[in-house]
Amino acid sequence: MRVDFGVLGPVLAWDETGEAVSLKGPMHRAVLARLLVARRHVVPVSRLGEDLWEEPPADAVGTIRTFVAGLRRALEPDRPPRAPARLLVTEGPGYALRAAHDEVDAWRFEKAAGSRGDLRPADLVSRLTDALGSWRGPAYADFADEPWVRAERSRLTELRLHAVERRAEAQIALGAAAEAVPDLDAHVAEHPWREDAWQLLALALYRSGRQADALSVVRRARKMLSDRLGVDPGPRLRRLEADLLQQADHLDPGPGGTADQVWAQAAAAYESAVASRARTRLESTAGLMRDLAVTGGDGLEAARRHRVAAVAAAEQLGDPELTARVIGIYDVPAIWTRSDDPVQAEWLVGAAERTLQLLPAANHGAAQGRLLATIAVESRGTLPTEPATTGAGAGARAFQAARQAERIARRLNNPSLLAFALNGLFMQTFHRAGLAARRDAIGAEVVSLSAHNDLVTYEVLGHLIRLQSRCALADFSGADQHAAAANTLSERHELPLVSVFTTWYQALRASMTQPLRTAESAYKEAADRLDGAGMPGLQRGLLPLARLSLYVRHNRPALIAEMDGRTDWGPYEPWVRPVLLVSQGHDDAARHVLRDIASPPRDLMFEALWCLVAQAAIRVDDRAVMRRASLQLEPASAELAGAGSGLITLGPVSGQLNALASALARP
């Protein structure tokens, strides 16, 4: 069990779940604190006795052993009887606490506070802010009067004060001087003898446009030092006072600066100028979230969350034109056909539909087009599953919205809107199998349109669409070219999510040419790229499905049978289950599952999942399901099953159709 120790405040311990560990009485805490002060070194029992009591009792050694035994039970409750302790160990004449360096808050703080001077100011501010946030009060707060802790408390306190000043210095360097002022003001009030802090406060005020306040601070520092310590300010503070009076050039950061400085200064100016303009802020938020989304990981998740909040806030203002702008500005390209958050997507579609109803028809063609494109993109994965329902429900509405958005964009000759609309149209080209050529044409237009109008993210989207389509059509040399083009653009324009898809494509290529184990390793490497990418709609169940596709193509039923267990198949489970059952010899169970099996979702995995269902149906001679599979797969007879995803394949659809035909021809 992991135990974390806290000494930046009262001495505490927490288990791996974050629950506080009961440390018994105050003497048990004192023993623990004394051992923590020793920093993993042995403290002899005799020294412990001297430190714990002014006059150690006659049975001090036995009493200390009792305290140690109680602490061991608290810190390692699952340790078997008579098993050696891991944390609080007996060594030679005494005891040592063998906590790891990342298990004590003070030790973690020291590492962060000692961060290298070559860190970017933004990184330094972030690191020191996190480190300072770990302080819950004075170090070793419940043992402040003990002689054995004084030196350690003083050392940690000095580190904290220095960290406060380093963070303020980095904030000023960033151009965020105003943000540094409140903490520095409190800092000098509590520690008036720290001249560096007074100097930083004065400089922060000056760079915040508060010259008079900056001079007042220097004079307040002079009086404080004189009244309390009987000394005059040092040469640096005196020189700063003179420079402030003369408005010396070097006090201003000047034009230009680092990207971090420019960002911080612009953000501060925006905060000051647009403080009360809710409508402007909401539009800016939506635009910022659009840019944040393409950074991936936490940025993508945060963008989705804040986007919904901005739309909801816009709706509350009762201004449909504003709401239309806030919704429509988020034209982030989408390549995967399953939403990362279906509930959120459904809500956004509803908001777009409501806004369309309220938006005046006149002079709002572009806004209407963006709302319609939003409906088409956010409705991905909602196409009806069976042919009998085609043309009804959400799928039909989304396809209609995509077509309307496309017509509006072409009529207005609006390239960015047309790229957005074509993205929506791409998402709605899955109403049947075998449409890779149609999607390839859409991708080609998106590439051409974007390249001529500097729409970089959509140019990447076009290449990824074409990569998928060329894979489906078994044109891997063409897919290679589009993967390379997407990678080049992503590196030039810092679009990290692109490499997720191109790495998976390389794994698909390996699966077509390399031995089984090599291909498995390639897929594992690709799956690692998805960790933290912020795309659960793509990630969940994908690696197991990729491995299954390998085992099916290599005819390895034993490996398939081993996969069931605790594998998380995510959204693919219903269509994978029959294959798993037949691989384990459970034909009757497979028949039962196949009897009521629904069609897979009409998306990039449609053909692949039908092929899996078809193989199970052939094995158990379920002719009704075989006929369904044949009917659904026939339009894709010239394609590779699943390869349209750019991620996996189950081989030629024609091969599966031939197997179905042979099985159905049997008496």
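The values are calculated or read from the model by the stated rules, or taken from the named source; none is laboratory data. Not measured: the values here are computed from a predicted model. Don't worry about glycine lacking a Cβ; one is built from the backbone with ideal geometry, like all the others, and counts go over all protein chains shown. Heavy atoms of the whole protein, side chains included, go into the accessibility calculation; ligands, DNA and RNA do not. Shrake-Rupley method; radii C 1.70, N 1.55, O 1.52, S 1.80 Å.
What is the chain's relative contact order, in percent, from Cα pairs under 8 angstrom and six or more apart in sequence?
Values: 964 pairs, mean separation 53.0, N = 667.
Here the relative contact order equals 8 percent.
Quick check: net charge around Arg492, other residues with Cβ under 14 Å of its Cβ, Lys/Arg +1 and Asp/Glu -1?
Values: positive: none; negative: Asp454, Glu459, Glu491, Glu494.
Local charge sum for Arg492: -4.
Less than 12 Å Cβ to Cβ from Leu412, Lys/Arg counted +1 and Asp/Glu -1: what total charge do the surrounding residues give?
+3
If you take every DSSP beta bridge whose two residues both sit in the chain, what share of them, in percent to the nearest 5, is antiparallel?
Working: 11 of 12 bridges.
Percentage antiparallel, nearest 5: 90.
Setting aside same-chain residues fewer than 8 positions from Lys24, which lysines have a Cα under 27 Å from its Cα?
List returned: none.
Could you work out the per residue convex hull volume over the alpha carbons of segment 87-200, in cubic angstrom? Could the numbers behind the result be given before it?
Working: hull volume 14.9 nm³, N = 114.
It comes to 131 Å³ per residue, whole-number rounded.
Between Glu494 and Asp475, what is 0.36 nm times their sequence separation minus the Cα-Cα distance? Round to one decimal in nm.
Details: separation 19, 0.36 × 19 = 6.84 nm, distance 2.81 nm.
Extending this stretch completely gives an extra 4.0 nm.
How charged is the neighbourhood of Ala334? Take every other residue with its Cβ under 11 Å from the Cβ of Ala334, and add Lys/Arg as +1 and Asp/Glu as -1.
Cβ neighbours under 11 Å give a net charge of -1.
Sort 203-213, 508-518 for me by packing, meaning the mean count of neighbouring Cβ atoms within 10 Å per residue, highest on top.
Numbers: 203-213: 18.9, 508-518: 15.5.
Those peptides, ordered most packed to least, come out 203-213, 508-518.
What's the ranking of 358-367, 78-87 by average number of surrounding C-beta atoms within 10 Å, highest first?
358-367, 78-87
Return the FRET efficiency for the residue pair Ala302, Gln400: r is the Cβ-Cβ distance, R0 is 30 Å, and the value is rounded to the nearest 0.05.
Details: r = 32 Å, r/R0 = 1.07.
E(calc), rounded to 0.05, equals 0.40.
What is the set of long-range amide H partners of Leu435 at a cut-off below 5 Å, with H atoms built 1.01 Å from backbone N?
The list, which skips near neighbours in sequence, is empty: none.
Going by average Cβ density within 10 Å per residue, which order do the peptides 142-150, 194-202 take, highest to lowest?
Numbers: 142-150: 15.3, 194-202: 23.1.
Peptide ranking by packing, descending: 194-202, 142-150.
Explain nothing, just the number: relative contact order of segment 106-255, from Cα pairs under 8 Å at least 6 residues apart, as a whole percent.
Values: 141 pairs, mean separation 25.7, N = 150.
The normalised contact order for segment 106-255 reaches 17 percent.
What per residue convex hull volume, in Å³, comes out for segment 1-149 when only alpha-carbon positions are used?
125 Å³
Does segment 392-445 come out rounded, prolate or oblate by the C-alpha gyration tensor, with a ≥ b ≥ c the root eigenvalues, rounded set by a/c under 1.5 and, if not, prolate when a/b is larger than b/c and oblate if not?
Details: a/c = 2.97, a/b = 1.27, b/c = 2.34.
Since a/c reaches 1.5 but b/c is at least a/b, the shape of segment 392-445 is classed as oblate.
Around Thr337, which amide H atoms from residues at least 5 apart in sequence, or from another chain, sit under 5 Å from its own amide H, with H modelled in the peptide plane?
Correct list: Leu604.
So for the pair Ala441, Thr295, with labels modelled 7 Å out along Cα→Cβ, what separation do we get in nm?
4.0 nm
So if each residue of separation counts as 0.36 nm, and I subtract the Cα-Cα distance between Asp130 and Met512, what length gain in nm does that give? Walk me through the numbers before you get to the answer.
Details: separation 382, 0.36 × 382 = 137.52 nm, distance 4.71 nm.
Extra length available between Asp130 and Met512 comes to 132.8 nm.
Give, in nm to one decimal, the length gained when the segment between Asn453 and Ala267 is fully stretched (0.36 nm per residue of separation minus the Cα-Cα distance). Before the final figure, lay out each step's value.
Working: separation 186, 0.36 × 186 = 66.96 nm, distance 2.84 nm.
Between Asn453 and Ala267, full extension yields an extra 64.1 nm.
Out of every Cα-Cα pair in the chain, what percent are more than 50 Å apart? Kindly include the intermediate steps, with their values, before the conclusion.
Working: 81382 of 222111 pairs.
Roughly 37 percent, once rounded to a whole number.
Rounded to the nearest 0.05, what FRET efficiency do Glu158 and Ser216 give with R0 = 25 Å and r taken as the Cβ-Cβ distance? Could you check? Let's see the in-between values first.
Details: r = 28 Å, r/R0 = 1.11.
In this case the efficiency is close to 0.35.
If you average the C-alpha positions of segment 497-554 and of segment 458-479 separately, how far apart do those two centres end up, in angstrom?
Each part's Cα centre sits 17 Å from the other's.
For helix 436-453, report the angle its Cα long axis makes with the longest principal axis of the Cα atoms of the chain; keep it between 0 and 90° and round to the nearest 10°.
It works out to around 50 degrees.
Rounded, prolate or oblate for segment 431-560? Axes are the square roots of the Cα gyration tensor eigenvalues, ordered a ≥ b ≥ c, and the cut-off for rounded is a/c under 1.5. Kindly include the intermediate steps, with their values, before the conclusion.
Details: a/c = 2.11, a/b = 1.57, b/c = 1.34.
Since a/c reaches 1.5 and a/b is larger than b/c, the shape of segment 431-560 is classed as prolate.
Assuming a ≥ b ≥ c are the square roots of the Cα gyration tensor eigenvalues, decide whether segment 370-508 counts as rounded (a/c under 1.5), prolate (otherwise, with a/b larger than b/c) or oblate. Intermediate results must be reported in sequence, preceding the final value.
Numbers: a/c = 2.08, a/b = 1.29, b/c = 1.60.
Oblate shape, in that a/c is at least 1.5 and b/c is the bigger or equal ratio.
Compute the FRET efficiency between Glu76 and Arg407 as 1/(1 + (r/R0)^6), taking r as their Cβ-Cβ distance and R0 = 56 Å, and round to the nearest 0.05. Let's see the in-between values first.
Working: r = 70 Å, r/R0 = 1.25.
So, using R0 = 56 Å, E works out to roughly 0.20.
Can you pull the percent of Cα pairs in segment 299-432 with separation above 26 Å?
Values: 1563 of 8911 pairs.
When every Cα pair of segment 299-432 is considered, 18 percent fall beyond 26 Å.
Once you keep just the Cα pairs under 8 angstrom separated by 6 or more residues, what percentage relative contact order results for segment 533-645? Spell out each step's value before the answer.
Details: 110 pairs, mean separation 24.2, N = 113.
Value for segment 533-645: 21 percent.
Please identify which residues in segment 598-617 have an amide N closer than 14 Å to a label point set 7 Å out from the Cα of Ala589, following the Cα→Cβ vector.
Counting backbone N atoms under 14 Å from the label point, the list is empty.
Which percent of the accessible heavy-atom area of segment 390-452 goes to carbon and sulfur, probe 1.4 angstrom?
Numbers: 1310 of 2440 Å².
After summing per-atom areas, the C and S share lands at 54 percent.
Taking the Cα centre of each part, how many Å lie between segment 192-222 and segment 612-638?
With segment 192-222 and segment 612-638 each reduced to a Cα centre, they are spaced 79 Å.
So the label point goes 7 Å from the Cα of Arg2 along Cα→C-beta, right? Which residues of segment 18-54 then have their backbone N under 17 Å from it?
Of the residues in segment 18-54, 18-21 have backbone N under 17 Å from the label point off Arg2.
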